[in-house]
Amino acid sequence: MNWGMKNRISRIIKPKTGRCVMLAVDHGYFQGPTTGLANLGETVAPLLPYADALMITRGAIRNWIDPAVDIPIILRVSGGQSILKELSNEIITTNIDDAIRINASAITCSVYVGGEYEKETIGNLSKLVDEGEKYGIPVLAVTAVGKEMARDARYLGLASRICVEIGAHMVKTYYTEDFGKVVEACGNVPVVIAGGKKLPEMEALQMAYNAVSDGAVGVDMGRNIFQSDSPVGMIKAVRAIVHDGKSVDDAYEIYEQEKK
Ligand code: R5P
């Protein structure tokens, strides 16, 4: 791995703890104005001091994020589909030149293993890895799950391993029972979990705790943070679990205190 690639990964996965809290706000690329993100800038601003990286599209960053902000950007460079149609029909929407202009610390796309356009989405990842390797920009592969697919360790292990074999430098997947097998399938490639649909805060914190206990380096969480009744409380609580090794109860207390 070249120096630039290592340096960019170190900006995201903090060397001090080997962990990271990514804040995902890229949902609009196929969902439109997702609850909590209609005014993305207002939602994100108070959360940035507690996030290690921001996952976002180029349109959203240019519209809502101050370029003077000090946060590594994980640039969502895929899209082309919407919630109204087949989700796996994804293309690369942003070229590497624009990712460099934005000063992206990583680029990301989704891979739909088992989806109708499986091959095309694996091809997208492959192209990003080629471009990323050329310029020292790491690629975060997201294992997107079609509606009909089981989110179990067998499926997520299969999807994540394929991303690793294609060359992804980081993998984002979903938490599941036997998550250690998913992490194991990825070898030395760091794994983070997505939060998924909004859960009660205690359950979301438990999921983050279980994921890092099973070997994830952290989370790339969106709705369970920005749709919480205390988004700052939730990101602080998640951070306490991921970086400080706090228990779920201690983290929940942090959330409750902030809410008050
Ligand atoms: C989905 O493909 C997007 O990358 C989202 O950013 C991702 O699912 C993480 O957000 P959440 O924690 O809301 O699931």
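Read the figures in this text as sums done on the coordinates, not as results from a lab. Here the structure is a predicted model, which is why all the values come from computation and not from measurement. Note that we place each Cβ from the backbone using ideal geometry, even for glycine, and neighbour counts take in every protein chain shown.
Just grab the label-to-label distance for Ser213 and Asp244, each label 7 Å out from Cα along the Cβ direction, in nm (one decimal).
1.9 nm
Greater than 27 Å separation of Cα atoms is the criterion. Which listed pairs, Lys134/Lys198; Lys119/Lys172; Lys172/Lys259, meet it? If you can, show how the numbers build up before the last one.
Values: Lys134/Lys198 38 Å; Lys119/Lys172 19 Å; Lys172/Lys259 29 Å.
Among Lys134/Lys198; Lys119/Lys172; Lys172/Lys259, the Cα-Cα distance tops 27 Å for Lys134/Lys198; Lys172/Lys259.
Would you kindly state the longest site-free stretch of the chain, with sites defined as GluC sites (Glu not before Pro) in a DSSP loop (not H, G, I, E, B) surrounded by at most 13 other Cβ atoms within 10 Å? Working shown, then result.
Working: sites that count: Glu86, Glu116, Glu148, Glu177.
Between the exposed loop sites, the longest stretch runs 1-85.
First measure r as the distance between the Cβ atoms of Val69 and Asp178, then evaluate 1/(1 + (r/R0)^6) with R0 = 45 Å and state the FRET efficiency to the nearest 0.05.
Details: r = 38 Å, r/R0 = 0.85.
Between Val69 and Asp178 the formula returns 0.75.
Can you sort Arg101, Arg223 so the residue with the fewest Cβ neighbours within 10 Å comes first? Walk me through the intermediate numbers first.
Values: Arg101 11, Arg223 21.
Ranking Arg101, Arg223 by Cβ neighbours within 10 Å, fewest first, gives Arg101, Arg223.
With just the Cα atoms of the range 176-260, tell me how far they stretch along each of the three principal axes, in Å, largest first.
In descending order, the Cα extents are 42, 24, 18 Å.
Taking the beta-carbon count within 10 Å as an exposure proxy, list Thr121, Thr176, Thr35 from fewest neighbours to most. Show your work: numbers first, answer last.
Values: Thr121 26, Thr176 21, Thr35 11.
Exposure proxy ranking, most exposed first: Thr35, Thr176, Thr121.
Please work out how much length the chain gains when fully extended from Asn7 to Glu118, using 0.36 nm per residue of separation minus the C-alpha to C-alpha distance, in nm with one decimal.
Working: separation 111, 0.36 × 111 = 39.96 nm, distance 3.13 nm.
So the extension gain works out to 36.8 nm.
Under a crude label model (7 Å from the Cα following the beta-carbon direction), how far is Ser82 from Arg101 in nanometres?
About 2.5 nm, to one decimal.
Calculate one ³J(HN,Hα) per residue across the range 92-98 by plugging θ = phi - 60° into the Karplus curve 6.51 cos²θ - 1.76 cosθ + 1.60, and present them in order as whole Hz with x for glycine and proline.
7, 10, 9, 7, 5, 4, 6
Hey, could you grab the Kirkwood Rh for the range 3-259? Inverse mean 1/r over distinct alpha carbon pairs, Å, one decimal.
Details: mean 1/r = 0.0557 Å⁻¹.
Its Kirkwood hydrodynamic radius stands at 18.0 Å.
Give me the one-decimal nm value for the distance between modelled label points at Glu42 and Glu133, 7 Å along each residue's Cα-to-Cβ direction.
Between Glu42 and Glu133, the simple spin-label model gives 4.6 nm.
Report the full-extension gain for the segment Gln257 to Val232: residue separation times 0.36 nm, less the Cα-Cα distance, to one decimal in nm. Before the final figure, lay out each step's value.
Working: separation 25, 0.36 × 25 = 9.00 nm, distance 1.06 nm.
Full-extension gain reported as 7.9 nm.
Taking the Cβ of each residue in Asp70, Asp214, Asp130, Asp52 as the centre, tally the other Cβ atoms inside 10 Å and list the residues starting with the fewest.
On the way: Asp70 6, Asp214 20, Asp130 12, Asp52 23.
Going from least to most buried by this count: Asp70, Asp130, Asp214, Asp52.
Show me the ranking of peptides 14-23, 102-111 by mean Cβ neighbours inside 10 Å, starting with the highest.
102-111, 14-23
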